[in-house]
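Bear in mind these aren't lab numbers, they're just calculated from the coordinates by the rules spelled out. Everything numeric in this text was worked out from a predicted model, so none of it was measured. Note that we place each Cβ from the backbone using ideal geometry, even for glycine, and neighbour counts take in every protein chain shown.
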Amino acid sequence: MSRSAARDAGDSPGHDTLWRLAAHKLLRDRAGLLALAVVGIYLLAAIGVWLGWWAQEWALITGSKWGPVSAEHWFGTNIIGQDIFQRGIYSTATAFQVGLLVAVLAVAIGALLGAVAGFLAGGWVDEVVLWLLGVIDAVPFYLMVAAIAFALADYPYSMHVAMVSTFWTGTARLVRGEVIKLRGLEFVEAARAIGVPGVTIIFRHVLPNTFHILLVKFTLVFVDAIKSEVVLSFLGLGVKEGMSWGLMLSESTLEFLAGQFNNLIVASSLLFGLVFAFNMLADALQDALDPRRAA
Amino acid sequence: MDVLRFALRKLLAGVPLILGVTLLSFTLMVHFGPDRTFELLGKNPTTEQIAELRHQLGYDQPFLLRYGQYLRELLTLDFGHSDATGEKVASLLARSIPVSLALVLPGFVLGNLLGVALALLAASCRGRWPDRLIMAAAVFGMSISFLVVIFVFQIWFCTSHGLDLFPVRGWGMADVPDYLRHVTVPTLAVVFVALGYNTRFYRAVIVEEMERDHVRTARAFGSPPLRLFCRDILKNCAIPIITRITFTIPAIVIGGALLLETSFGIPGAGKVTYEAIISGDQPVLKAVVGLTAMLFVAALLVADILYRVVDPRVSLE
């Protein structure tokens with residue numbers, strides 16, 4: 001009974017939903033579309049690496065020390081003769097692995113805890129979640145990463161765990177605020193009045209109404225994650241297996257004095273391109289999904 | 001009196017937060033942390049030697065007792081001696097925190113002032129090309145990694161591949177020229193990285209205030225722009241600005257300049273923290289985490305009191 005009621009209350013075809021309006025606005029936003037295309041190209045490069053199509057020789061010594069730019073080595077070779085371009089492309093896959101894993105988990109945890117806390121605002125669950133948010137925000141980020149790396153004893157994903165456990169707080173705060181607004185609205189009151197249990201209300205009626213926040217937050221956490229990966233890998237706290245832009249930048253510090261900048265140029269340009277595209281995409285999504293502007 | 005009672009209540013409310021932070025970091029870093037027994041002992045230690053060292057390090061005591069010990073250290077600000085250098089942790093931090101402040105403050109102040117200036121320019125030309133240009137540049141700046149900015153500025157300003165004007169590494173505060181020589185490039189890097197974020201933040205806050213009715217009314221009555229900005233806009237923007245600034249301070253004071261200090265070889269608190277992380281120097285790490293948590297609670301308190309100062313509608317109850 002309650003299910004069909006909920007379905008009937010949904011938007012009928014032909015009605016302008018927030019999502020349809022947003023898609024319409026996004027399709028007219030040239031900068032946003034361009035950003036989406038750039039992210040798509042990066043994703044394609046990463047998928048190619050995962051499927052073994054290209055950049056598989058990133059660890060092999062295929063040339064001489066600091067080889068010049070050539071048809072064989074598009075951006076030269078590094079200090080021991082590995083192809084810099086292949087390493088850069090391979091690192092794209094690492095960046096997506098870090099970004100996707102961290103962003104999906106952090107946003108999911110943030111949404112869940114934020115929604116529960118907001119729905120039960122004023123109660124002890126809310127107090128506990130708020131306390132947890134305060135605690136995590138008060139621990140310096142690098143120390144959190146180091147502490148988790150210690151605790152997990154050389155576990156290769158300790159950096160990911162550390163990022164997830166710190167990055168969910170922003171989403172949780174936003175979602176909590178939104179849910180506090182939502183839970184006072186009539187449709188939640190109606191669901192409660194006909195006896196829908198709290199868990200169902202949160203998952204079926206409240207959380208779907210925060211998806212527009214989650215989508216924007218996802219892109220922002222993704223950017224934070226790949227930017228942090230670079231810094232942490234440089235500091236020796238990050239990626240332990242494989243290759244990443246941070247490790248390339250760390251490698252490049254050995255080459256500055258010799259006037260070799262290929263590692264720096266390739267790693268920082270690829271990093272910049274992806275982060276810039278994601279930032280533009282986040283802006284475009286925010287514009288498109290803002291209900292005040294959609295009106 | 002009201003303010004004092006309010007402050008005391010807020011400080012009490014901060015106790016669970018400090019307990020949480022210390023418990024979390026203690027569990028992760030000390031309880032699960034590295035066991036230094038065999039690192040410190042010589043070859044082929046006897047069972048008694050092992051037991052004695054473990055007793056010295058406190059490893060044989062129960063969890064709660066060791067945690068209680070940590071809390072006592074935090075209350076008395078006596079964190080013992082660094083494992084790595086043997087120096088007292090308190091004097092190590094007393095020496096390095098002023099360096100960090102001297103390093104970061106100029107960039108912090110300049111970054112915020114320039115951010116406000118650019119945001120005002122953008123907000124006053126809203127929708128036209130200066131606004132678009134500034135906001136595009138802000139996203140551009142936000143997308144460049146801090147690490148890359150540091151490297152490029154180092155190569156550009158400090159090596160023979162560029163202008164070669166400043167030293168690449170090192171620190172000195174003996175006199176003003178010495179200080180300026182060492183602080184300039186890090187400050188430029190900080191300003192460059194922070195400017196994008198600051199401009200976006202201030203523009204969003206200012207635009208929201210500019211749209212309010214009382215601002216339009218004041219403008220219609222011919223209020224001069226500067227007065228309009230200072231009295232009608234800036235004062236109403238104060239709450240988000242206070243929040244932003246007070247909450248960046250704990251991170252800056254301790255450990256915030258970690259990347260900058262390790263790259264430029266500056267002996268500040270960030271470098272101390274980094275070296276403690278790498279070598280697993282627990283007394284130092286415990287001090288840094290504990291002090292950051294305490295500063296965080298202090299920042300919460302200061303922010304709450306400042307809200308009251310700028311906005312009489314905020315109640316202290």
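Counting every alpha-carbon pair across the range B:66-206, the share separated by more than 18 Å comes to 68%.
What Kirkwood radius, in Å to one decimal, follows from the Cα pairs of the protein assembly as shown? Mind showing how you got there, number by number?
Numbers: mean 1/r = 0.0371 Å⁻¹.
When all Cα pairs of the protein assembly as shown are included, the Kirkwood radius is 27.0 Å.
For chain A, the fraction of alpha-carbon pairs lying more than 29 Å apart is 47 percent, rounded to a whole number. Entry note, chain A: relative contact order of 25 percent, from Cα contacts under 8 Å with a spacing of 6+ residues. For the protein assembly as shown, the residue among A:Met248, A:Gly114, B:Thr262 whose Cα projects farthest onto the positive side of the dipole built from Cβ charges is A:Gly114.
Measuring spread by the Cα atoms of the range B:228-317 yields a radius of gyration and Dmax of 17.4, 55 Å. Going from the residue with the fewest nearby Cβ atoms within 10 Å to the one with the most, B:Phe157, B:Phe63, B:Phe32 rank B:Phe63, B:Phe32, B:Phe157.
The range A:267-283 and the range A:118-184 have their alpha-carbon centroids 26 Å apart.
Tell me which GluC sites (Glu not before Pro) from the range B:190-265 have a DSSP coil assignment and no more than 13 other beta carbons within 10 Å of their own.
B:Glu211
Each Lys or Arg adds one and each Asp or Glu takes one away; over the other residues whose Cβ falls under 13 Å from the Cβ of B:Ile239, this sums to 0. Peptide B:16-27 shows a mean partner chain C-beta count of 4 within 10 Å per residue C-beta. Site pair A:Leu27 and A:Tyr157 shows an inter-label distance of 3.8 nm when each label is modelled 7 Å from Cα along Cα→Cβ. In chain B, the DSSP-assigned H stretches of four residues or longer account for a calculated mean residue ellipticity at 222 nm of -23500 deg cm²/dmol, using -39500 (n - 2.57) per stretch and the full residue count as denominator. Ordered by the number of other Cβ atoms lying within 10 Å of each residue's own Cβ, fewest first, A:Met163, B:Met29, A:Met144 fall into the sequence A:Met144, B:Met29, A:Met163. By the helix-only formula, in which each DSSP H run with n ≥ 4 contributes -39500 (n - 2.57) and the sum is divided by residues, chain A has a 222 nm mean residue ellipticity of -23000 deg cm²/dmol.
How shielded is A:128-139 by partner chains, expressed as the average number of their Cβ atoms within 10 Å of its Cβ atoms? List each step's numbers first, then the result.
Working: counts 0, 0, 1, 4, 2, 0, 11, 12, 3, 6, 20, 10.
Mean partner-chain Cβ count within 10 Å for A:128-139: 6.
Using the alpha carbons alone, the radius of gyration of the range A:234-282 stands to its Kirkwood radius in an Rg to Rh ratio of 1.05.
Using the Cβ-Cβ distance between A:Arg192 and B:Ala7 with R0 = 35 Å, the FRET efficiency computed as 1/(1 + (r/R0)^6) comes to roughly 0.30. Here the simple spin-label model places points 7 Å from the Cα toward Cβ, and for A:Glu127 and B:Leu53 these points are separated by 4.6 nm. Taking Lys and Arg as +1 and Asp and Glu as -1, the other residues whose beta-carbon sits under 14 Å from that of B:Leu300 total +2.
Just order B:81-87, A:257-263, B:142-148 by mean Cβ neighbour count inside 10 Å, highest at the front, would you? Let's see the in-between values first.
Working: B:81-87: 14.9, A:257-263: 17.3, B:142-148: 21.3.
With the highest mean Cβ count within 10 Å placed first, the list reads B:142-148, A:257-263, B:81-87.
Peptide A:225-236 is shielded by partner chain Cβ atoms: per residue, an average of 3 of them sit within 10 Å of its Cβ. Non-local lysine pairs in the protein assembly as shown, meaning eight or more places apart or on different chains, with alpha-carbon distances under 26 Å, amount to 14. Within the range B:89-310, the ratio Rg/Rh, alpha carbon atoms throughout and Rh by Kirkwood, equals 1.03. If R0 is 25 Å, what FRET efficiency do you get for A:Thr17 and B:Ala136 from their C-beta distance, rounded to 0.05? Efficiency computed from Cβ-Cβ geometry: 0.20. Taking label positions 7 Å along the Cα-Cβ direction at both B:Leu163 and B:Arg219, the computed distance is 3.8 nm, reported to one decimal.
A cut-off under 11 angstrom between Cβ atoms defines the neighbours of B:Ala122, and their net charge, with Lys, Arg +1 and Asp, Glu -1, is +4. Packing, as the average of other Cβ atoms within 10 Å across residues, places the peptides B:112-119, B:52-59, B:287-294 in the order B:287-294, B:112-119, B:52-59, highest first.
Report, please, the projected area of the range A:136-247 averaged over directions, based on the convex hull of its C-alpha atoms, in nm².
Working: hull surface 34.2 nm².
Over every viewing direction, the Cα hull of the range A:136-247 projects on average to 8.6 nm².
Computed about the Cα centre, the dipole magnitude for the range A:155-255 is approximately 540 debye when only Lys and Arg (+1) and Asp and Glu (-1) carry charge, each at its Cβ. For the range A:39-155, the extents of the C-alpha atoms along the principal axes are 65, 32, 21 Å, listed from largest to smallest. List the DSSP H helices in chain B whose Cα atoms stretch 30 Å or more along the helix axis and whose mean Kyte-Doolittle hydropathy is at least 0.0. Answer set is B:2-26, B:89-124, B:176-210, B:282-310.
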